[in-house]
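Notes for the one structure printed next.
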Ligand SMILES: [Zn+2]
């Protein structure tokens with residue numbers, strides 16, 4: 001190559017790499033909510049879930065994302081904190097409007113609903129539910145965060161994230177240690193406080209009483225660490241089981257306590273592949289206080 005053509009080649013390469021750099025940088029800074037969501041779903045490694053509840057609940061999919069907040073519930077307080085952090089995409093585990101499918105027919109004239117929705121539209125926020133896909137991750141992303149929070153990684157069975165063999169303890173002692181992890185609410189418990197136990201299953205969220213009962217039938221399960229259940233279902237089954245002298249118990253942590261750490265895990269997981277946007281976890285904590 002002649003010196004002149006080397007010079008032109010050099011200029012050409014420099015120009016092209018400069019152009020590429022410019023394009024990458026621009027893309028990273030102008031990702032839309034829809035693009036970020038597609039990237040998150042891709043990274044879960046899950047197959048496409050038909051009829052998923054993981055859809056945009058409010059906001060324009062073409063909104064350019066300024067920052068991401070992960071949370072358990074997009075409460076009004078969490079929304080305000082997100083705006084203060086200049087984040088406009090909320091990645092939320094649970095519904096926005098008080099029922100599983102976010103059906104708002106009944107709420108069209110409801111002042112609470114209208115005020116919340118106005119806040120979202122006034123601040124041009126995008127709310128995306130991340131429920132089915134995070135539970136489809138292997139291991140389950142919510143359970144991964146819970147194992148971390150409980151500090152039970154060394155007690156997990158064969159790499160599972162919901163089966164644990166604890167050093168033998170009593171129900172009462174287990175409750176005392178859980179109170180250190182979840183200090184804000186009391187637990188609902190059915191079982192004998194002196195019950196000796198070792199095999200614990202995590203049943204995060206609200207999987208339904210038939211799932212709870214199936215777990216309690218398993219002879220390798222002493223105690224279930226549950227989220228929530230209607231009190232006329234699992235609770236009454238468990239009361240009869242205890243009356244029959246069965247060495248079992250169930251601890252209801254509350255739905256939020258049983259899953260929220262999963263959305264904390266979610267924020268650190270997102271930071272692994274979303275480098276150019278700020279990502280925060282905001283805790284909503286329990287909705288109620290206990291007396
Ligand atoms: Zn869940």
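The values are calculated or read from the model by the stated rules, or taken from the named source; none is laboratory data. As the structure is a prediction and not an experimental result, all values here were calculated from the model. Cβ coordinates were reconstructed from backbone atoms using ideal geometry, including for glycine residues, and neighbour counts include every protein chain displayed.
Computed values, structure above
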{"read-out": "Qualifying residue in the range 160-167 (condition: under 20 Å from residue 72 (Cβ atoms), assigned by TED's automatic domain parsing to the domain that holds residue 198, out of contact with any helix residue (DSSP H, G or I) (no Cβ under 7 Å at 6 or more places or on another chain) and away from the ligand (no atom under 16 Å from the Cβ))", "value": "no"}
{"read-out": "Residue match in the range 52-59 (condition: farther than 21 Å from residue 266 by Cα and assigned to a loop (DSSP other than H, G, I, E, B))", "value": "yes"}
{"read-out": "Residue 166 vs. criteria more than 18 Å from the chain's Cα centre (by Cα) and assigned to a helix (DSSP H, G or I)", "value": "no"}
{"read-out": "Flag if residue 211 is surrounded by fewer than 19 Cβ atoms within 10 Å (Cβ to Cβ) and either touching a strand residue (DSSP E or B) at 6+ places or on another chain (Cβ under 7 Å) or more than 18 Å from residue 146 (Cα to Cα) (or both)", "value": "yes"}
{"read-out": "Residues (buried (at least 20 other Cβ atoms within 10 Å of the Cβ) and modelled with pLDDT under 95) located in the range 236-291", "value": "none"}
{"read-out": "Residue selected from the range 67-97 under the condition part of a loop (DSSP other than H, G, I, E, B) and more than 16 Å from the ligand (Cβ to nearest atom), by the criterion surrounded by the fewest Cβ atoms within 10 Å (Cβ to Cβ)", "value": "86"}
{"read-out": "Residue 80 vs. criteria modelled with pLDDT of 95 or more, farther than 30 Å from residue 226 by Cβ and over 21 Å from the mean Cα position of the chain (by Cα)", "value": "no"}
{"read-out": "Conditions (1) surrounded by 15 or more Cβ atoms within 10 Å (Cβ to Cβ); (2) in the same structural domain as residue 95 (by TED's automatic domain parsing): number failed by residue 118", "value": "(1)"}
{"read-out": "Residues being over 21 Å from the mean Cα position of the chain (by Cα) and either within 16 Å of the ligand (Cβ to nearest atom) or outside any loop (DSSP other than H, G, I, E, B) (or both) - total across the range 103-138", "value": "14"}
{"read-out": "Hey, residue 152 within 16 Å of the ligand (Cβ to nearest atom) and in contact with a helix residue (DSSP H, G or I) (Cβ under 9 Å, 6 or more places away or on another chain) or not", "value": "no"}
